[in-house]
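The values are calculated or read from the model by the stated rules, or taken from the named source; none is laboratory data. Remember, it's a predicted structure, so these values are computed and weren't measured experimentally. Cβ sites come from the backbone with ideal geometry, for glycine too, and all protein chains shown count toward neighbours. Areas reflect the complete protein model, heavy atoms only, side chains present, ligands, DNA and RNA absent. Shrake-Rupley method; radii C 1.70, N 1.55, O 1.52, S 1.80 Å.
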Amino acid sequence: MFSTGILVLTSPLHVLPLRIAPVLSSAAQLVDRTLYIHLHPGLNLGSGSPPRPVYLPPVVDLSTFITRLYSNAADVCGHLDVRFLLTNIRAHPTACSGSQTPSSPFPTPQPLSHSPEVVLTDFAVQDPHQTNQVTQCLEKYAGCCYVCRPGLSSVLLHPQLQENEDRLRNQGEKLECLETYSDVVVGGTFDRLHGAHKSLLNVSCVLASKRFVIGVCNQAMLKKKVLKELVEPYSLRVQKLKEFLQDTKPSLQVEIVPLDDPFGVSIVDPLLKCIVVSEETKKGGEAVNQKRIENGLQPLVLHEIQLLKDVHHTDIEEEKISSSSLRFRLLGTLLAPPKDASHLPTLPYVIGLTGGSGSGKTSIAKQLEALGAVRIDCDKLGHEVYQKGTAAYHKVLEVFGSEILNEDQSINRRALGRKVFGNKEQLKALTDIVWPEIAELAQSRIHQAREEGKRVCVVDAAVLLEAGWTDWMHEVWLTIIPEEEAVLRITERDGVTVEDAQHRLQSQWSNSKQVEHANVVLSSLWEQEITRKQVLKAWNLLQQRIQLKLGGLEGDAGGSHQV
């Protein structure tokens, strides 16, 4: 198995749409991370003379093939980072008439972000005795085009091809030139760069002969995104775009700009000629042209590409390949590795579960309890620390006075709440008393669970992160929902006004801030059954992590014993 490979496609362009799925499937058995695709229809690796890379004209069939390539890749090898390379695609005035310029698209080998360790091809060897000669030619060809790892291996793929390929091959190849433009623009979020993004970017790179402008949604444009808290940071999205485009077409002048509104530079840049849209975003492209006309600029050519179907989508996910579906699939998985917890006993494995008001945290904690976890409810522990005679009881009276007492001398928590409401100093004075006492009680429950041989404890605590309790936990799990949904739930559940609910949420850490500290994220935004499936997935993955940890400890113990 190789980490990175480059696949040289030699079949005629009109045949490739049928061949590409089985070819990718074969390639995925050899490459497990990044697969670069280099196109050279008609390349003859069996002639004996070293083949030379040539320029290929941008044609309509190429745009169609790019869409098919990424659609098939998502279907048959979704784990691979597939990148279609365009360095040898260039428009020439006479290109479509069959003439080629003598210059090479690769004056020197092009460096790639990940150096290929293996070169693959769909070239069909007619005579088995030629195999050695063909593989040597393939290695030289790849090394002429791209900087590859020393000792590059080469493999001829022999996929199961579709029956009607011969019929298509006999039809002959009819190429229609694709119009290109000096300056092309697209816009989008580009979260977790996937096949649909790559298809859009590749087609745009084919269309653009000089400059490619990309508007990337900034914070202001993410407010209505599903699970917006899981959208990658702007800087990371830009970094991934730059790397992909540098590999894809390094000759192109790429400009990536933040998109703070739906239009960005597309309505003010006079040099732009074309905007690439999908059926879904076509109306947005038309709105861009309306604004350009209002600004005294020429409208852009709208080049529409196909949406890519997601054959793996679930009922609540979009039918097209989308970032929102990918973010949904992250729920319940490990987003960030747990911090070093070598100072903690391995068992019970302690999960700190937190989330804002109305997020469904308590319901999820109960589901985890039903799966076998010991649930430690910090809200209940909070009530315990206020009981008469406790250390916290006496400290609270000392700081806040006896006017907060009921007739039976118990603390009136409503009266106490009124004292600290809106007063940061008073609130800190209270939490400095109460939080350490709650933490001590919770840790005693964990110790009790250890004595009873329990495997997992879930500490259900709304103030987990604010109180700084993560040092005595193995992982932090967070449940999130959009603020508008939280407001709706709080008003219905507690009978408070919308303003009160909003104020309560604003006094807590934001979802985005909490996500920065979370190892696992869950969301109760959808039906209960969907939340249950998330929790079950998270629980099963947790059991695997615990087992690995225990296995590692057993291995360490075994090693020590041998010494």
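Tally Lys/Arg at +1 and Asp/Glu at -1 over every other residue whose Cβ is under 15 Å from the Cβ of Lys380; what's the total?
Once positives and negatives cancel, what remains is -2.
In straight Cα distance, which lysines are under 17 Å from Lys242, not counting same-chain residues fewer than 8 positions off?
List returned: Lys198, Lys210.
Rank-order 235-248, 352-365 by packing density, defined as the average count of other C-beta atoms within 10 Å over each peptide's residues, highest first.
Final packing ranking: 352-365, 235-248.
Rounded to whole Å and sorted largest first, what semi-axes of the equivalent ellipsoid does the C-alpha gyration tensor of segment 1-154 yield via the square root of 5 times each eigenvalue?
22, 20, 16
Using the basic label-point model (7 angstrom from Cα toward the beta carbon), what is the Arg413 to Leu488 distance in nanometres?
A separation of 2.8 nm, rounded to one decimal place.
Which of the peptides 18-26, 292-300 is most tightly packed, and how do the rest follow, judged by the mean count of other Cβ atoms within 10 Å per residue?
Order by mean packing, descending: 18-26, 292-300.
Over segment 181-305, what is the mean sequence separation of C-alpha contacts under 8 Å (at least six apart), divided by residue count, expressed as relative contact order in percent?
30 percent
Show me, for segment 398-403, the HN-Hα J-couplings you get by feeding each phi into the Karplus relation (A = 6.51, B = -1.76, C = 1.60, θ = phi - 60°), rounded to Hz, glycine and proline as x.
Per-residue couplings from phi come out as 5, 7, 10, x, 6, 5 Hz.
Quickly rank 521-529, 477-485 as a protection proxy: mean count of other C-beta atoms within 10 Å, highest first.
Order by mean packing, descending: 477-485, 521-529.
When only C-alpha pairs under 8 Å and at least 6 residues apart count, what is the relative contact order of the chain, in percent?
Computed over the chain, the figure is 13 percent.
Taking a 23 Å limit on the Cα-Cα distance, which of the listed pairs Lys380/Lys533; Lys223/Lys282; Lys361/Lys549; Lys361/Lys533; Lys366/Lys513 fall beyond it?
Distance filter (> 23 Å) returns Lys380/Lys533; Lys361/Lys549; Lys366/Lys513.
Counting only residues 5 or more places away or on other chains, whose amide H sits under 5 Å from the amide H of Val277 once H atoms are built in the peptide plane?
Those lying under 5 Å, H to H, from Val277 are His303, Glu304, Ile305.
Could you tell me what percent of the accessible area of the chain is made up of carbon and sulfur, with a 1.4 Å probe and every protein chain present?
C and S atoms contribute 51 percent here.
What residues qualify as long-range amide H neighbours of Gln110, i.e. H under 5 Å apart, gap of 5 or more or another chain, H built at 1.01 Å from N?
Tyr146, Val147
In whole Hz, what ³J(HN,Hα) sequence does segment 369-376 give by Karplus (6.51, -1.76, 1.60; θ = phi - 60°), x for Gly and Pro?
Each residue of segment 369-376 in turn: 4, 5, 7, x, 7, 7, 8, 10 Hz.
Heavy atoms only, 1.4 Å probe, whole protein assembly: order Lys380, Lys419, Lys273 by accessible area, highest first.
Descending accessible area places them as Lys380, Lys273, Lys419.
Please list the non-local residues whose amide H lies under 5 Å from the amide H of Cys457, H modeled 1.01 Å from N, same-chain partners needing a gap of 5 or more.
Tyr349, Val350, Ile351, Val374
Taking the Kirkwood radius as the inverse of the mean 1/r across Cα pairs, report the Rg/Rh of segment 181-305.
0.94
Using a 1.4 angstrom probe with every protein chain in place, what is the largest-first accessible-area order of His383, His158?
Ranked list, largest accessible area first: His158, His383.
Scan [x] 22.7, 69; [y] 23.6, 81; [z] 30.1, 101 for the value of Rg and Dmax of the Cα atoms in Å calculated from this model and give just the label.
From the options [x] 22.7, 69; [y] 23.6, 81; [z] 30.1, 101, the structure gives [z].
In Å², what does the accessible area per residue of the chain work out to with a 1.4 Å probe?
Counting only protein heavy atoms, the per-residue value for the chain is 49 Å².
Show me, for segment 176-186, the HN-Hα J-couplings you get by feeding each phi into the Karplus relation (A = 6.51, B = -1.76, C = 1.60, θ = phi - 60°), rounded to Hz, glycine and proline as x.
Going residue by residue, I get 10, 5, 9, 5, 10, 9, 5, 10, 10, 10, 9 Hz, with x marking Gly and Pro.
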